[in-house]
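Engineer: Below you will find the structure I want to go over with you.
The values are calculated or read from the model by the stated rules, or taken from the named source; none is laboratory data. In this text, all values refer to a predicted model and were calculated from it rather than measured experimentally. Every residue, glycine among them, receives a Cβ derived from its backbone with ideal geometry; neighbour counts consider all protein chains shown.
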Amino acid sequence: MRTLLAVCLAAVAAAGSTGSPAGEARTMTPDDLWRLVRPSHLAVSPDGSRIAYDATTWDLETGKGNTDLFWVPAGGGDPVRLTRQPGRDALPRWSPDGRFLYFVSARDGDPPQVYRLPLAGGEAEKVTDLPGGVTSFALSPDGTQLLVAAASYKDCADLECVRRHLKAEKERAAGGRVFEELLYRHWNEWRGDERSHLYLVRTGEGEAKDLTPGNVDCPPVALGSSHDFAFSPDGGSVALVVNRSPLVAASTDNDIEIVELEGARRTLSPGDGNDAAPRFGPDGRRIFWRSQPRPGYESDRAYLVAAPVGGGTPERLFETPDLSVADFWLVPGGSEVLFTAQSRGRVNLYAVPARGGNVRELVRGGRIGSVAVAPTGAFAVFVRESLTEPPEIFRLDLGSGATRRLTSLNTGWFGSLRLGRPDELWFEGAHQDRVHAWVLHPPGEPDPPSGKTPVIWLVHGGPQGAWLDGQHPRWNMQLFAAPGYHVVAVNFHGSTGYGQAFTDAIRRDWGGAPFEDLMAGLEAARRALPGADLDRVCAAGGSYGGYMVDWMLGHTGRRFRCFVSHAGVYDLVSMYGATEELWFPEWDLGGTPWEAPGDYLRWSPSSYADLFESPTLVIHGQLDFRVPVTQGMQLFTALQRRGVPSRFLYFPDEGHWVTHPANARLWWREVHDWLARWLGEP
């Protein structure tokens, strides 16, 4: 195997070198993940002078988070706090005249509603009064109307129907529920007859018109975006995203619909793939969106397309480079479109002409998100983080290309941490393809190293996902390295950001090429990392990463000192029967279990339980409906019955992810203790 150990970007390395004197430095702790302020939902004021955003702070004693609104000068400076009410104030939107800031808030024990805050002074006032509560909204260009996503039911076409359902639910004595169709639960919530509908609300009047009545969700229940409804520039029509398939649980067929507010409706997007994230062009004659053409494939390449609003064949704005668009924003004036996309373990910001053409890289990650473009078109703002940088707000001058940091929300205390130094490892994996991995050296490791330290071998979920150059809020690479370990995180076949063919390669090969990549990475690391003890390795992963850990259990003997399997898929047949998004296993495994029984049995870790040997920590949450808790229970049963040292960490109040501070502390304590028990001292 050929290896190359590449030094990280100079900017990343430089950021990692800042910090306090050696006597004050410490390594990262689990509480630091909750201490990080993560600004999001950036919005630039109409005159371009201020950037509004929301951010959450946590009280670790009570375990409660509080989200408030802030603004920061567009030239940089200290943030100004705008709200202080307990709970969540989020999703800021400026009024066209800049006098008000609209946002979503839950107050006085009521469901979340849209409020507006007068920036000249005064209290926020409620704008909507929808009985089921609001999840998101958009403001019309003239500020007189709102599009509001709010709770409804599958037989409802007005708010009075919603009120009747809510009253009946409150008065219902029996705890049982009857379901007649899939999806009856999703992620960590039961949904039954509940739906999300899109309402048109006129500001100052409060009346709401249901634009998506009946048995449909808007935004769609899955595979949508941060903006699945939008006003046209003249406010006379709306673009929205719905999935009208008869079996939504097995379909990715989200479509763009155009609704004239006078009554006409038409579907704009052709095909049966996933079309989402509509935005009107500045003149209202064209509409842009993200299009994934292959039906049933949630990880197909997302193209940036545009079509006339009146109908016509969508045109792709670019074919090369082979990038899958994560999100996009139109530059006022209509000449360019900005977009983010993964590339080789980073999320970068790009630009492409609105009529199509060559792609330009504007800013390389780290990890870039929450982009907003100034209404003047002069600049864009975004949140950037990396393996050695905390999240902060940055500004990009669209004329000169110059960037600068606007906030210091975390840089002071974060800069005092003693962090692991990141590197990149490239090696030859399955199909003779080059495979990429992130490497973190132990905090404080001398160069050259004076000894050897154990290795944590991280396996990401998805499987169509990637380890990225950022501060993950849960599976944080720096926190895995903090006790003094090397961390290696391989982006194996199936990972995103390395071309669509590389992502596609995992289909019907779950335990094949990805496993080959991971094992090839071990040998590559042995040659490239003189300070890593490749005879003392523990592997850890969640979701598909947990699946791969379970697979490795039955295929590596005692090669690994231990494993950590969080929310891992253990038995593919029983997993199919209890999960909710059926298009996913049907695509990845070639059909249903009765259509492709060989694939389900061949790639199930449960088929190899007789070979389990290595000590394993199993972690699962009761509210995980994506990978149901019985998957972890089955694995733990097999390990115990086989006499393999094992431990089961069970969370009755968590789903697929651990989201409560006290539970996260317990998670990290159990994981670190397990690693120390089987790896010994770093």
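Engineer: What are the residues in the stretch 548-592 that are assigned to a loop (DSSP other than H, G, I, E, B) and farther than 17 Å from P628 by Cα, if any?
Structural biologist: If we filter the stretch 548-592 for residues that are assigned to a loop (DSSP other than H, G, I, E, B), which is where we start, we get 554-561, 567-571, 579-582, 589-592.
Scanning the stretch 548-592 gives G554, H555, T556, G557, R558, R559, F560, R561, L589, G590, G591, T592.
Engineer: For a quick check of your reading of the model, give me the residue pairs whose first member lies in the stretch 523-537 and is outside the structural domain of L440 (by TED's automatic domain parsing) and over 18 Å from P443 (Cα atoms), whose second is modelled with pLDDT of 95 or more and not β-branched (V, I, T), with beta-carbon atoms closer than 7 Å and at least 6 apart or on different chains.
Structural biologist: Taking only residues 6 or more apart or on different chains, not a single pair turns up.
Engineer: Here are some conditions: (1) at pLDDT below 95; (2) more than 30 Å from H660 (Cβ to Cβ); (3) in contact with a Ser or Thr (Cβ under 6 Å, 6 or more places away or on another chain). A74 meets all but one. Which one does it not meet?
Structural biologist: Single failed check for A74: (1).
Engineer: Give the number of residues within the stretch 624-637 that are surrounded by 24 or more Cβ atoms within 10 Å (Cβ to Cβ) and not in a loop (DSSP other than H, G, I, E, B).
Structural biologist: Counting residues in the stretch 624-637 that are surrounded by 24 or more Cβ atoms within 10 Å (Cβ to Cβ) and not in a loop (DSSP other than H, G, I, E, B) gives 3.
Engineer: Is it the case that the stretch 56-69 has a residue that's at pLDDT 95 or above, assigned to a loop (DSSP other than H, G, I, E, B) and not acidic (D, E)?
Structural biologist: no
Engineer: Tell me which residues, restricted to the stretch 106-120, are surrounded by fewer than 19 Cβ atoms within 10 Å (Cβ to Cβ) and either assigned to a loop (DSSP other than H, G, I, E, B) or in contact with a Ser or Thr (Cβ under 6 Å, 6 or more places away or on another chain) (or both). Walk me through it before giving the result.
Structural biologist: Going residue by residue through the stretch 106-120, those that are surrounded by fewer than 19 Cβ atoms within 10 Å (Cβ to Cβ) are 106-111, 118-120.
Answer for the stretch 106-120, where residues must be surrounded by fewer than 19 Cβ atoms within 10 Å (Cβ to Cβ) and either assigned to a loop (DSSP other than H, G, I, E, B) or in contact with a Ser or Thr (Cβ under 6 Å, 6 or more places away or on another chain) (or both): A106, R107, D108, G109, D110, P111, L119, A120.
Engineer: Can you tell me which residues in the stretch 311-346 are farther than 18 Å from S226 by Cβ and of a type in the set (G, A, S)?
Structural biologist: G311, G312, G333, G334, S335, S343, G345
Engineer: Same structure again: So in the stretch 129-141, with the set limited to residues that are surrounded by 21 or more Cβ atoms within 10 Å (Cβ to Cβ) and of a type outside the set (G, A, S), which one is farthest from Y199 (Cα to Cα)?
Structural biologist: If we take residues in the stretch 129-141 being surrounded by 21 or more Cβ atoms within 10 Å (Cβ to Cβ) and of a type outside the set (G, A, S), then L139 is farthest from Y199 (Cα to Cα).
Engineer: Among the numbered criteria (1) at negative phi; (2) out of contact with any strand residue (DSSP E or B) (no Cβ under 9 Å at 6 or more places or on another chain), which single criterion is violated by W475?
Structural biologist: (2)
Engineer: If you don't mind, there's one more thing I want to ask. Would you be able to tell me the number of residues in the stretch 171-221 that are under 30 Å from D142 (Cβ atoms) and in a strand (DSSP E or B)?
Structural biologist: So in the stretch 171-221, the residues under 30 Å from D142 (Cβ atoms) come out as 195-214, 216-220.
The next check asks that each one be in a strand (DSSP E or B); those that pass are 195-202, 208-210.
Within the stretch 171-221, residues that are under 30 Å from D142 (Cβ atoms) and in a strand (DSSP E or B) number 11.
Engineer: Output the qualifying pairs, or none if there are none: Cβ atoms under 8 angstrom, residues six or more apart or on different chains, first residue in the stretch 665-682 and within 17 Å of S646 (Cβ to Cβ) and assigned to a helix (DSSP H, G or I), second residue at pLDDT 95 or above and among the basic types (K, R).
Structural biologist: These pairs meet every condition: E670/R647; W674/R647; W678/R561; L679/R536; L679/R561.
Engineer: Next question, about the same structure. Is it the case, given these coordinates, that T144 is surrounded by 14 or more Cβ atoms within 10 Å (Cβ to Cβ) and β-branched (V, I, T)? Write out each step before concluding.
Structural biologist: Numbers: surrounded by 14 or more Cβ atoms within 10 Å (Cβ to Cβ): no; β-branched (V, I, T): yes.
So T144 fails the test.
Engineer: Pull up the stretch 252-274, narrow it to residues that are of a type in the set (G, A, S) and over 19 Å from R301 (Cβ atoms), then point me to the one that is surrounded by the most Cβ atoms within 10 Å (Cβ to Cβ).
Structural biologist: Taking the stretch 252-274 first, the residues of a type in the set (G, A, S) are 263-264, 269, 271, 273.
Add one more test, that the residue is over 19 Å from R301 (Cβ atoms), and what stays is 263-264.
On the way: G263: 6, A264: 9.
By that ranking, first place goes to A264.
Engineer: If you don't mind, there's one more thing I want to ask. Determine whether the stretch 7-22 contains at least one residue that is part of a strand (DSSP E or B), β-branched (V, I, T) and modelled with pLDDT of 95 or more. Even if it seems obvious, please write down each step before you answer.
Structural biologist: Step one: list which residues in the stretch 7-22 are part of a strand (DSSP E or B), which gives 7.
Next, from what is left, pick out any that are β-branched (V, I, T): 7.
From what is left, the residues that are modelled with pLDDT of 95 or more are none.
No, the stretch 7-22 contains no residue that is part of a strand (DSSP E or B), β-branched (V, I, T) and modelled with pLDDT of 95 or more.
Engineer: Still on this structure: Mind listing whichever residues of the stretch 638-659 are surrounded by 16 or more Cβ atoms within 10 Å (Cβ to Cβ) and within 25 Å of the chain's Cα centre (by Cα)?
Structural biologist: Hits for the stretch 638-659 are L649, F651, E654, G655, H656, W657, V658, T659.
Engineer: Exactly one of (1) under 30 Å from E523 (Cα atoms); (2) surrounded by fewer than 22 Cβ atoms within 10 Å (Cβ to Cβ); (3) among the charged types (D, E, K, R); (4) at pLDDT 95 or above is unmet by R360. Its number?
Structural biologist: Unmet condition: (1).
Engineer: Just give me the residues in the stretch 31-55 being assigned to a strand (DSSP E or B) and touching a Pro at 6+ places or on another chain (Cβ under 7 Å), in sequence order.
Structural biologist: The first filter runs over the stretch 31-55 and keeps only residues assigned to a strand (DSSP E or B), leaving 40-44, 50-55.
Residues satisfying the conditions are H41, A43, V44, R50, A52, Y53, D54, A55.
Engineer: Determine which member of the set G541, G546 is in contact with a strand residue (DSSP E or B) (Cβ under 9 Å, 6 or more places away or on another chain), of a type outside the set (A, V, I, L, M, F, W, C), within 18 Å of F584 (Cα to Cα) and touching a residue at least 12 places away in the same chain (Cβ under 8 Å). Let's see the steps before the verdict.
Structural biologist: Working: G541 fails: within 18 Å of F584 (Cα to Cα).
Selected residue: G546, the only one of G541, G546 that is in contact with a strand residue (DSSP E or B) (Cβ under 9 Å, 6 or more places away or on another chain), of a type outside the set (A, V, I, L, M, F, W, C), within 18 Å of F584 (Cα to Cα) and touching a residue at least 12 places away in the same chain (Cβ under 8 Å).
Engineer: Identify, from the list E315, E298, E319, the residue that is over 27 Å from D588 (Cβ atoms), modelled with pLDDT of 95 or more, acidic (D, E) and surrounded by fewer than 21 Cβ atoms within 10 Å (Cβ to Cβ).
Structural biologist: Details: E298 fails: over 27 Å from D588 (Cβ atoms); E319 fails: over 27 Å from D588 (Cβ atoms).
Matching residue, one of E315, E298, E319: E315.
Engineer: Just to be sure, is R404 surrounded by fewer than 24 Cβ atoms within 10 Å (Cβ to Cβ), touching a strand residue (DSSP E or B) at 6+ places or on another chain (Cβ under 7 Å) and in contact (Cβ under 8 Å) with a residue 40 or more places away in the chain?
Structural biologist: So R404 passes the test.
Engineer: So, one more: Give the residues of the stretch 87-105 that are crowded, with 18+ Cβ neighbours inside 10 Å and either assigned to a loop (DSSP other than H, G, I, E, B) or outside the structural domain of W71 (by TED's automatic domain parsing) (or both), sorted by residue number. Spell out the reasoning first.
Structural biologist: Just the residues of the stretch 87-105 that are crowded, with 18+ Cβ neighbours inside 10 Å, to begin with: 88-95, 100-105.
Correct list: S95 only.
Engineer: Here's a check for you: in the stretch 376-399, which residue that is free of Cβ contacts under 8 Å to residues at least 40 places away in the same chain and part of a strand (DSSP E or B) is farthest from Q478 (Cα to Cα)? Can you show your working first?
Structural biologist: Filtering the stretch 376-399 down to residues free of Cβ contacts under 8 Å to residues at least 40 places away in the same chain leaves 384, 394, 397, 399.
Checking the rest, the ones that are also part of a strand (DSSP E or B) come to 384, 394, 397.
Values: R384: 17, F394: 23, D397: 32 Å.
Ranking the qualifying residues of the stretch 376-399, first place goes to D397.
Engineer: In the stretch 204-220, what residues are touching a Lys or Arg at 6+ places or on another chain (Cβ under 8 Å) and either in contact (Cβ under 8 Å) with a residue 60 or more places away in the chain or hydrophobic (A, V, I, L, M, F, W, C) (or both)?
Structural biologist: G214, N215, V216, listed by residue number.
Engineer: Let me ask something else. Restricting the stretch 508-534 to residues that are of a type in the set (D, E) and closer than 18 Å to V459 by Cα, which is farthest from the chain's Cα centre (by Cα)?
Structural biologist: Narrowing the stretch 508-534 to residues of a type in the set (D, E): 509, 516-517, 523, 533.
Those still in the list that are closer than 18 Å to V459 by Cα too: 509, 516-517, 523.
Numbers: D509: 24, E516: 27, D517: 24, E523: 31 Å.
Per the criteria, the residue is E523.
Engineer: Here is a further query. Out of (1) touching an Asp or Glu at 6+ places or on another chain (Cβ under 7 Å); (2) at negative phi; (3) in contact (Cβ under 8 Å) with a residue 40 or more places away in the chain, the odd one out for P293 is which?
Structural biologist: (3)
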